[in-house]
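Scroll down for the structure; my scribbles are underneath it.
The values are calculated or read from the model by the stated rules, or taken from the named source; none is laboratory data. Source: prediction; values computed, not measured. Note: ideal-geometry Cβ built from the backbone for every residue, glycine included; neighbour counts use all protein chains shown.
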């Protein structure tokens, strides 16, 4: 497969696209990002790396981090996790609260904000130093100690994350949050402010394409756990546009409002894109288009 040639073609097409979407502004620190950025990186089953565009520049991965906190919580407590968060698509935007009241404080899935708050609560309960231990978990998987939180973004989120405060207090009112809301949100704002490049993202997410093993073949998750997390990414990874992504791209994946998208084909490759301009659903406009082109040009998808 001529991945490099395909990625170069995708990046060239992206560079000629005039409508690049709108950069997220509800988190003030994100509004400063240049909407002209675009990168796409791919790591294949042989460990070979291919890239085109801005793939070494770090950006705030935002909701992509929800998959990583989910993986650590699943690793720590196993199937007990599903007693506190469901696995169904929400059909709603990532920050809507209406379903929480209908479903007694059990979030619809772990990849919407409410579900990620419950997962954050689990990590705060089970880790002595949650922020540092989560960061070390990510660094170890990637084999990269330079990965870090963007503290400016974390601070910006704390000042403006009123819906997350509302969701956390609503969940706590139903008894599904064990720790202080401030402690859970502090962890959550930091996890969303995790900063990585496309190159680093494919190294971290490689384990989801490699049967739970990182690039160095060290095991982090069981095959059963990888199967379930990949299924949740496919059905819930793009908010109320998950069906569209499955239809157009055909890969498990996760997006973030920082403009990143990561996706994978089990036992074949992991791919990450970054373009800060978002579509109306909050997903990277050029990233969605690039990944559709990738699976079309390669003929590779889970379908």
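Return the total of residues in region 76-103 being modelled with pLDDT under 85 and in a loop (DSSP other than H, G, I, E, B). Looking only at that region, the number is 9. All of 153, 119, 202, 124 fail the test of being within 19 Å of residue 86 (Cβ to Cβ) and part of a helix (DSSP H, G or I), apart from 119. Only one entry of 41, 14 meets the criterion of being assigned by TED's automatic domain parsing to the domain that holds residue 263 and assigned to a helix (DSSP H, G or I), and that entry is 14.
Only residues that are surrounded by fewer than 21 Cβ atoms within 10 Å (Cβ to Cβ) and over 20 Å from the mean Cα position of the chain (by Cα) were counted across region 156-173, and they come to 9. Taking residue 72 as the residue in question, decide whether it is modelled with pLDDT of 90 or more, closer than 25 Å to residue 152 by Cβ and crowded, with 18+ Cβ neighbours inside 10 Å. Here the answer is yes, as residue 72 does meet what is asked. Can you confirm whether region 82-103 contains a residue that is within 27 Å of residue 213 (Cβ to Cβ), surrounded by fewer than 21 Cβ atoms within 10 Å (Cβ to Cβ), touching a residue at least 40 places away in the same chain (Cβ under 8 Å) and not assigned by TED's automatic domain parsing to the domain that holds residue 282? So far as region 82-103 goes, yes, one or more of its residues are within 27 Å of residue 213 (Cβ to Cβ), surrounded by fewer than 21 Cβ atoms within 10 Å (Cβ to Cβ), touching a residue at least 40 places away in the same chain (Cβ under 8 Å) and not assigned by TED's automatic domain parsing to the domain that holds residue 282. Number of residues in region 245-288 that are part of a helix (DSSP H, G or I), touching a helix residue (DSSP H, G or I) at 6+ places or on another chain (Cβ under 8 Å) and surrounded by fewer than 19 Cβ atoms within 10 Å (Cβ to Cβ): the value is 1.
One line per residue, one yes/no per condition, for (1) in contact with a helix residue (DSSP H, G or I) (Cβ under 9 Å, 6 or more places away or on another chain); (2) within 19 Å of residue 263 (Cβ to Cβ); (3) assigned by TED's automatic domain parsing to the domain that holds residue 220; (4) part of a helix (DSSP H, G or I):
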site: 9; (1), (2), (3), (4): yes, yes, yes, yes
site: 18; (1), (2), (3), (4): no, no, yes, no
site: 31; (1), (2), (3), (4): no, no, yes, yes
site: 35; (1), (2), (3), (4): no, no, yes, no
site: 47; (1), (2), (3), (4): yes, yes, yes, no
site: 69; (1), (2), (3), (4): yes, yes, no, yes
site: 73; (1), (2), (3), (4): yes, no, no, yes
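In this structure, does residue 203 turn out to be under 16 Å from the mean Cα position of the chain (by Cα) and within 25 Å of residue 55 (Cα to Cα)? So residue 203 passes the test.
When you look at residue 58, is it within 17 Å of the chain's Cα centre (by Cα), in contact (Cβ under 8 Å) with a residue 40 or more places away in the chain and closer than 24 Å to residue 155 by Cα, yes or no? Judged against the criteria, residue 58 is a match. Within region 178-199, being crowded, with 24+ Cβ neighbours inside 10 Å and part of a loop (DSSP other than H, G, I, E, B) holds for 193, 197.
Hey, residue 257 hits all of (1) over 14 Å from the mean Cα position of the chain (by Cα); (2) in contact (Cβ under 8 Å) with a residue 12 or more places away in the chain; (3) farther than 25 Å from residue 45 by Cα but one; which does it fall short on? Exception for residue 257: condition (1).
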